[in-house]
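Taking it in order: structure first as structure tokens, then the write-up.
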Amino acid sequence: MSDLRALYQEVILEHSKNPRNFRMPDPVDNFANGINPLCGDKLTVYLHVVDDVIEDISFEGSGCAISTASASMMTQRLKGLPVEQANAIFEQFHELLTSNIDQETSDDQLGKLSVFSGVREFPMRVKCATLAWHTLQSALSGEHADVSTE
Amino acid sequence: MTTPHPQALISESLRADFPILEQKMHDKPLVYLDSAASAQKPQVVIDSLSGFYETGYANIHRGVYKLSQDATEAFEHARNTVRDFIGAAEARELIFTRGTTEAINLVAQTYGRSALGPGDEILITEMEHHSNIVPWQILCEQTGAKLVVGLMDDTGTLLLENFAELINARTKLVAVSHVSNALGTINPVREIIELAHAQNIPVLLDGAQAAPHMPIDVQALDVDFYTFSGHKVYGPTGIGVLYGKAALLEAMPPYQGGGDMILSVTFEKTEYNEIPHKFEAGTPNIAGVIGLGAALEYLQGIGMDRIAAHEAALLSYATEKLEEIPQVTIIGTAKEKAGVISFAVEGIHPHDLGTIFDMDGVAIRAGHHCAQPVMEHFGVPATARASFGLYNNFEDVDMLVQTIQHAMEVFS
Ligand SMILES: Cc1ncc(COP(=O)(O)O)c(C=O)c1O
């Protein structure tokens with residue numbers, strides 16, 4: 001598979017065109033904004049956490065295919081999970097994007113998120129893939145500070 | 001892609017002057033379409049830098065030995081080349097800075113701080129680069145002055161009538177880009193200068209995108225301040241130029257204090273040096289100035305008229321080709337444009353385009369081009385931008401078109 005095809009996998013393109021959980025909840029309970037000043041990507045992640053469990057998670061914003069698909073698939077993967085597990089998944093996801101270690105390990109919790117492994121060959125795009133995740137962390141910390149990838 | 005190319009206006013052999021263009025990117029020939037961000041360097045510029053360091057280097061304006069005198073002469077010779085390049089009356093009207101950004105900041109912090117007070121106004125346009133916005137905002141914070149913005153229409157053309165109405169008795173400076181980097185618009189600078197001068201208001205032109213692409217004559221324009229960057233005129237990085245009319249520069253307080261900008265220093269009183277040295281504190285970017293001189297001589301050898309005509313031909317060919325692709329929208333369709341073409345491809349974010357282009361060996365810019373208010377006007381977060389230099393040819397434009405088609409395939 002060419003590097004480009006590996007980056008723009010069908011699943012990623014499909015999610016970027018039809019992002020899931022792309023909405024603002026009513027009422028808004030907890031949220032954070034993320035921006036990537038390099039390319040102008042902007043998104044907001046909304047959260048509803050009860051007893052340390054992510055009951056609801058959604059997002060809105062505009063961005064490139066990688067950042068939109070990553071946000072969309074993140075919301076799918078994390079909905080219903082304890083916050084602690086979400087953090088562990090982010091760690092694995094980050095490793096998938098930046099290291100060369102094969103991710104097919106026993107405690108692989110990434111599931112479909114492993115389609116993002118192609119991003120590894122494009123270091124300039126790692127920030128696109130992690131924007132939603134960093135924004136989520138900011139929302140979880142409850143600080144409401146805007147996150148920037150710079 | 002069957003239409004024959006128009007007659008090339010610049011000899012293909014000039015391309016060979018730029019060693020970097022022989023490179024491959026991801027196993028594809030490099031197609032460099034990002035000269036508006038920074039231009040590549042011809043061999044003569046590279047040689048002038050290494051030659052200077054190998055045989056001509058010493059500090060300037062201080063040594064009594066021959067090497068220092070020669071270096072000083074080469075440095076001041078380059079200042080004369082700049083004078084000639086933009087048609088200034090005197091070499092002392094040219095101040096070397098780190099680039100356009102520093103040149104604008106210099107004017108803001110010297111002219112601006114001494115001439116502006118609470119309620120005064122600085123008039124810019126909606127299509128400015130951040131470097132012609134933020135220095136004025138800082139000045140406004142310092143002085144209580146107000147930033148006023150002239151609007152453009154949806155082709156990216158300045159609304160001149162609106163602009164004229166914004167000029168009033170409180171306007172103390174007009175600062176406008178000669179050519180917009182995000183849209184390619186060439187602004188009606190003659191009319192702007194006339195309007196401002198009718199009310200005795202000085203005008204600064206940000207020439208970062210004009211100097212590489214067209215002949216500049218600051219005296220014919222009667223412009224008060226003109227700025228440009230070395231790296232965009234095929235010269236080195238870290239060097240740029242501020243032109244100012246002598247009378248204005250003489251009246252302005254210095255920018256930074258230090259060596260070279262003084263005549264005499266005692267703890268009681270320091271006397272400042274004459275212009276331009278008053279504004280050139282410390283050891284300057286000597287090699288950068290030498291390299292800039294070499295770049296401008298190279299451009300003069302080709303002729304800025306020819307370069308302008310060549311790039312105009314590329315622009316009109318590229319515009320025609322992009323308009324043939326229904327999914328492509330060109331952003332910035334002013335009548336008067338320089339070799340910059342910003343565009344959007346339906347359903348593909350510019351950042352994704354940039355990556356796909358890169359894999360095809362095509363270097364374009366994707367982003368907000370340091371002109372976020374322009375992006376806001378057009379309601380887009382970013383655009384893709386191809387921009388031309390003297391070394392580009394019609395095949396480069398064909399590659400641009402092919403790559404857009406490739407991107408549409410990847411995303412289909
Ligand atoms: C219109 C315009 N003004 C100013 C600048 C700033 O130039 P520099 O970064 O060389 O200081 C640029 C560079 O992108 C530009 O295009």
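Which numbered condition in (1) outside any loop (DSSP other than H, G, I, E, B); (2) within 13 Å of chain A (Cβ to nearest Cβ); (3) touching a strand residue (DSSP E or B) at 6+ places or on another chain (Cβ under 6 Å); (4) not acidic (Asp, Glu) is the only one that B:PRO381 fails?
Evaluating B:PRO381 over (1) outside any loop (DSSP other than H, G, I, E, B); (2) within 13 Å of chain A (Cβ to nearest Cβ); (3) touching a strand residue (DSSP E or B) at 6+ places or on another chain (Cβ under 6 Å); (4) not acidic (Asp, Glu) leaves (1) as the failure.
Looking at region B:189-199, is at least one residue closer than 15 Å to B:GLY332 by Cα and in a loop (DSSP other than H, G, I, E, B)?
Step one: filter region B:189-199 for residues closer than 15 Å to B:GLY332 by Cα, giving none.
The answer is no; no qualifying residue exists.
Does B:LEU94 satisfy the criteria of being closer than 24 Å to B:VAL179 by Cα and in contact with a Pro (Cβ under 9 Å, 6 or more places away or on another chain)?
Values: closer than 24 Å to B:VAL179 by Cα: yes; in contact with a Pro (Cβ under 9 Å, 6 or more places away or on another chain): yes.
Against the criterion (closer than 24 Å to B:VAL179 by Cα and in contact with a Pro (Cβ under 9 Å, 6 or more places away or on another chain)), B:LEU94 qualifies.
Scan region B:396-412 and tell me whether some residue there is on the phi < 0 side of the Ramachandran plot, more than 12 Å from chain A (Cβ to nearest Cβ) and charged (D, E, K, R).
yes
Could you check, for region B:346-353, whether at least one of its residues is facing chain A (nearest Cβ under 10 Å), of a type in the set (Val, Ile, Thr) and over 26 Å from B:VAL233 (Cα atoms)? Spell out how you get there, then give the answer.
So in region B:346-353, the residues facing chain A (nearest Cβ under 10 Å) come out as B:347-353.
Subsequent filtering for residues that are of a type in the set (Val, Ile, Thr) retains B:348.
If we keep only those that are over 26 Å from B:VAL233 (Cα atoms) as well, we get B:348.
Checked against the condition, which is being facing chain A (nearest Cβ under 10 Å), of a type in the set (Val, Ile, Thr) and over 26 Å from B:VAL233 (Cα atoms), region B:346-353 yields at least one hit.
Has region B:350-362 got at least one residue that is of a type outside the set (A, V, I, L, M, F, W, C), part of a strand (DSSP E or B), more than 18 Å from the chain's Cα centre (by Cα) and buried (at least 21 other Cβ atoms within 10 Å of the Cβ)?
Residues of region B:350-362 of a type outside the set (A, V, I, L, M, F, W, C): B:350-352, B:354-355, B:358, B:360-361.
Those still in the list that are part of a strand (DSSP E or B) too: none.
Looking through region B:350-362, none of the residues is of a type outside the set (A, V, I, L, M, F, W, C), part of a strand (DSSP E or B), more than 18 Å from the chain's Cα centre (by Cα) and buried (at least 21 other Cβ atoms within 10 Å of the Cβ).
Please go through region B:190-206 and give me each residue that is within 30 Å of B:ARG365 (Cβ to Cβ), crowded, with 21+ Cβ neighbours inside 10 Å and not acidic (Asp, Glu), ordered by number. So that I can check it myself, show each step before the final result.
First, the residues of region B:190-206 that are within 30 Å of B:ARG365 (Cβ to Cβ): B:190-193, B:203-206.
Next, only the ones that are crowded, with 21+ Cβ neighbours inside 10 Å stay: B:192, B:203-206.
If the condition is that a residue be within 30 Å of B:ARG365 (Cβ to Cβ), crowded, with 21+ Cβ neighbours inside 10 Å and not acidic (Asp, Glu), then B:ILE192, B:VAL203, B:LEU204, B:LEU205 are the ones that fit.
Take the conditions within 16 Å of the ligand (Cβ to nearest atom), touching a residue at least 24 places away in the same chain (Cβ under 8 Å), under 20 Å from B:THR110 (Cα atoms) and over 14 Å from the mean Cα position of the chain (by Cα) and apply them to B:VAL223. Does it pass?
Yes: the conditions hold for B:VAL223.
Please go through region B:87-106 and give me each residue that is away from the ligand (no atom under 16 Å from the Cβ) and of a type in the set (Val, Ile, Thr), ordered by number.
Narrowing region B:87-106 to residues away from the ligand (no atom under 16 Å from the Cβ): B:87-94.
Correct list: empty.
So A:PRO19 clears everything in (1) modelled with pLDDT of 95 or more; (2) surrounded by fewer than 19 Cβ atoms within 10 Å (Cβ to Cβ); (3) within 14 Å of another protein chain (Cβ to nearest Cβ) except one condition, right? Which one?
(2)
Quick check on B:ALA37: is it within 16 Å of the ligand (Cβ to nearest atom), under 25 Å from the mean Cα position of the chain (by Cα), within 30 Å of B:VAL397 (Cβ to Cβ) and surrounded by fewer than 19 Cβ atoms within 10 Å (Cβ to Cβ)? Spell out the reasoning first.
Numbers: within 16 Å of the ligand (Cβ to nearest atom): yes; under 25 Å from the mean Cα position of the chain (by Cα): yes; within 30 Å of B:VAL397 (Cβ to Cβ): yes; surrounded by fewer than 19 Cβ atoms within 10 Å (Cβ to Cβ): yes.
Yes.
Residues that are without any contact (Cβ under 8 Å) to a residue 60 or more places away in the chain: find the helices (runs of 4 or more DSSP H) completely inside region B:14-110 holding 3 or more of those. Show your work before the answer.
Details: elements: B:43-51, B:66-86, B:100-107.
Counting at least 3 such residues, we get B:43-51, B:66-86.
For region A:6-87, which strands (runs of 3 or more DSSP E) that fit wholly inside it have 1 or more residues that are hydroxyl-bearing (Ser, Thr, Tyr)? Let's see the steps before the verdict.
Working: elements: A:30-36, A:41-50, A:53-62.
In region A:6-87, the matching strands (runs of 3 or more DSSP E) lie at A:41-50, A:53-62.
Somewhere in region B:346-356, is a residue away from the ligand (no atom under 16 Å from the Cβ), closer than 21 Å to B:GLU12 by Cα and in contact (Cβ under 8 Å) with a residue 24 or more places away in the chain?
no
Please enumerate the residues belonging to region B:156-169 that are more than 16 Å from B:GLU121 (Cα to Cα) and in contact with a strand residue (DSSP E or B) (Cβ under 8 Å, 6 or more places away or on another chain).
As a first pass, look at region B:156-169 and keep what is more than 16 Å from B:GLU121 (Cα to Cα): B:156-161.
Those that are more than 16 Å from B:GLU121 (Cα to Cα) and in contact with a strand residue (DSSP E or B) (Cβ under 8 Å, 6 or more places away or on another chain): B:GLY156, B:THR157, B:LEU158, B:LEU159.
Of A:LEU78, A:LEU7, A:LEU43, which residue is within 17 Å of A:VAL119 (Cα to Cα) and either within 14 Å of chain B (Cβ to nearest Cβ) or within 12 Å of the chain's Cα centre (by Cα) (or both)?
On the way: A:LEU78 fails: within 17 Å of A:VAL119 (Cα to Cα); A:LEU43 fails: within 17 Å of A:VAL119 (Cα to Cα).
The match here is A:LEU7.
Determine, yes or no, whether B:PRO254 is over 18 Å from B:ARG92 (Cα atoms), more than 13 Å from the ligand (Cβ to nearest atom) and in contact with a Phe, Trp or Tyr (Cβ under 8 Å, 6 or more places away or on another chain). Walk me through it before giving the result.
Working: over 18 Å from B:ARG92 (Cα atoms): no; more than 13 Å from the ligand (Cβ to nearest atom): yes; in contact with a Phe, Trp or Tyr (Cβ under 8 Å, 6 or more places away or on another chain): yes.
Spelling it out, it is not the case that B:PRO254 is over 18 Å from B:ARG92 (Cα atoms), more than 13 Å from the ligand (Cβ to nearest atom) and in contact with a Phe, Trp or Tyr (Cβ under 8 Å, 6 or more places away or on another chain).
Can you name the condition, by its number, that B:GLU128 falls short on among (1) within 16 Å of the ligand (Cβ to nearest atom); (2) within 24 Å of B:SER114 (Cα to Cα); (3) out of contact with any strand residue (DSSP E or B) (no Cβ under 7 Å at 6 or more places or on another chain); (4) not β-branched (Val, Ile, Thr)?
(3)
Might you check whether a residue that is under 19 Å from the mean Cα position of the chain (by Cα) and more than 13 Å from chain A (Cβ to nearest Cβ) occurs anywhere in region B:323-333?
Let us first name the residues in region B:323-333 that are under 19 Å from the mean Cα position of the chain (by Cα), namely B:332.
Those left that are additionally more than 13 Å from chain A (Cβ to nearest Cβ): B:332.
The answer is yes, given that some residue of region B:323-333 is under 19 Å from the mean Cα position of the chain (by Cα) and more than 13 Å from chain A (Cβ to nearest Cβ).
Considering only region A:102-113, I want to know if a residue exists there that is modelled with pLDDT of 90 or more, surrounded by 19 or more Cβ atoms within 10 Å (Cβ to Cβ) and closer than 22 Å to B:HIS349 by Cβ.
Scanning region A:102-113, I find at least one residue that is modelled with pLDDT of 90 or more, surrounded by 19 or more Cβ atoms within 10 Å (Cβ to Cβ) and closer than 22 Å to B:HIS349 by Cβ, so the answer is yes.
Restricting to region B:115-165, count the residues that are of a type in the set (Asp, Glu) and without any contact (Cβ under 8 Å) to a residue 40 or more places away in the chain.
Applying the first criterion (of a type in the set (Asp, Glu)) to region B:115-165 yields B:120-121, B:126, B:128, B:141, B:153-154, B:161, B:165.
Going one step further and asking which of them are without any contact (Cβ under 8 Å) to a residue 40 or more places away in the chain, we end up with B:141, B:153, B:161, B:165.
Counting residues in region B:115-165 that are of a type in the set (Asp, Glu) and without any contact (Cβ under 8 Å) to a residue 40 or more places away in the chain gives 4.
The values are calculated or read from the model by the stated rules, or taken from the named source; none is laboratory data. From a predicted model like this one, the values you see are computed outputs, not experimental measurements. Counting neighbours? That spans all protein chains shown, and the Cβs are built from the backbone with ideal geometry, glycine included.
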